[in-house]
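To start, the structure under review is shown below, and the notes come after it.
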Amino acid sequence: MALFKRQPDPVQRGLEAEIGPFSAAPIACASANPLRQFFDARSEGRGIWKWLHYFDIYDRHFSRFRGEEVHVLEIGVYSGGSLEMWRDYFGPRAHIYGVDVAPECRAYETDRTRIFIGDQADRGFWARFRREVPQLDIVIDDGGHEPEQQIISLEELLPHLQPSGVYVCEDVNGKANPFSSYVHGHAHRLNGSQGMRNSEDDERRVTSP
């Protein structure tokens with residue numbers, strides 16, 4: 001999994017990355033995590049396909065959005081169960097969007113969950129998507145898992161993410177993973193940029209390449 005946060009300072013716009021499928025410590029109690037609790041209670045209905053250790057990462061970064069009017073996109077609808085999980089987790093004010101290549105996934109559309117059918121490697125599709133959907137607070141890429149798809153989705157959606165929004169790309173693993181290398185390149189350039197201290201706030205820096 002790779003996780004990015006859109007920085008609130010438009011000058012910096014950094015990427016914070018957590019790379020590696022086991023980057024988080026295991027949760028102490030599964031029942032304390034509402035996502036894991038929802039998952040464990042699911043014995044029938046639409047399937048949810050998630051690695052168990054992801055739930056702690058989700059909850060850590062998503063919990064501040066619960067109960068808010070949040071706009072959430074999940075790439076990769078498949079059997080539709082995770083859309084129900086996000087709806088339960090974020091609450092009735094949430095706007096949920098799903099993207100999948102399979103037209104059959106339109107069956108999961110509701111009054112608060114919109115489904116878009118398209119290829120995540122198609123930049124034209126994302127241009128149309130951005131015209132129809134407000135800026136997003138959360139993106140979860142659980143789509144095709146191919147590096148080209150992940151890179152194009154990140155490039156097309158990161159500018160459409162709200163300041164302080166969160167972008168998660170699942171299943172970034174394997175030796176010499178191209179998407180991981182792509183993200184590392186961004187982090188290297190950010191870390192290599194020269195900073196000038198802001199005298200009014202030590203935590204803010206004006207960067208230049």
Determine if region 4-13 includes at least one residue that is modelled with pLDDT under 50, within 14 Å of the chain's Cα centre (by Cα) and in a strand (DSSP E or B). yes
So how many residues does region 145-162 have that are surrounded by fewer than 18 Cβ atoms within 10 Å (Cβ to Cβ) and either closer than 24 Å to residue 81 by Cα or of a type in the set (Gly, Ala, Ser) (or both)? 2
Any chance region 42-49 includes a residue that's at pLDDT 95 or above and either surrounded by 19 or more Cβ atoms within 10 Å (Cβ to Cβ) or hydrophobic (A, V, I, L, M, F, W, C) (or both)? no
Yes or no: residue 134 exposed (fewer than 14 other Cβ atoms within 10 Å of the Cβ) and under 22 Å from residue 55 (Cα atoms)? no
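One line per residue, one yes/no per condition, for (1) basic (Lys, Arg); (2) surrounded by fewer than 20 Cβ atoms within 10 Å (Cβ to Cβ); (3) touching a strand residue (DSSP E or B) at 6+ places or on another chain (Cβ under 9 Å):
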residue	(1), (2), (3)
63	no, yes, no
67	no, yes, no
72	no, no, yes
82	no, no, yes
87	yes, yes, yes
90	no, no, yes
97	no, no, yes
100	no, no, yes
Identify all residues within region 81-102 that are farther than 17 Å from residue 69 by Cα and part of a helix (DSSP H, G or I); write none if there are none. 81, 82
Number of the exception - residue 105 against (1) touching a helix residue (DSSP H, G or I) at 6+ places or on another chain (Cβ under 9 Å); (2) free of Cβ contacts under 8 Å to residues at least 40 places away in the same chain; (3) over 22 Å from residue 172 (Cβ atoms); (4) in a helix (DSSP H, G or I): (1)
Have a look at 168, 183, 172 and point out the one that is within 10 Å of the chain's Cα centre (by Cα) and either aliphatic (A, V, I, L, M) or modelled with pLDDT of 85 or more (or both). 168
Based on this model, can you work out whether residue 134 counts as part of a loop (DSSP other than H, G, I, E, B) and farther than 14 Å from residue 77 by Cβ? yes
Check whether at least one residue in region 19-26 is closer than 25 Å to residue 156 by Cα, touching an Asp or Glu at 6+ places or on another chain (Cβ under 9 Å), at pLDDT below 90 and in a helix (DSSP H, G or I), and report yes or no. no
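The values are calculated or read from the model by the stated rules, or taken from the named source; none is laboratory data. No experiment lies behind these values; they were computed from the predicted model shown. Positions of Cβ are backbone-derived with ideal geometry, glycine not excepted, and every protein chain shown enters the neighbour counts.
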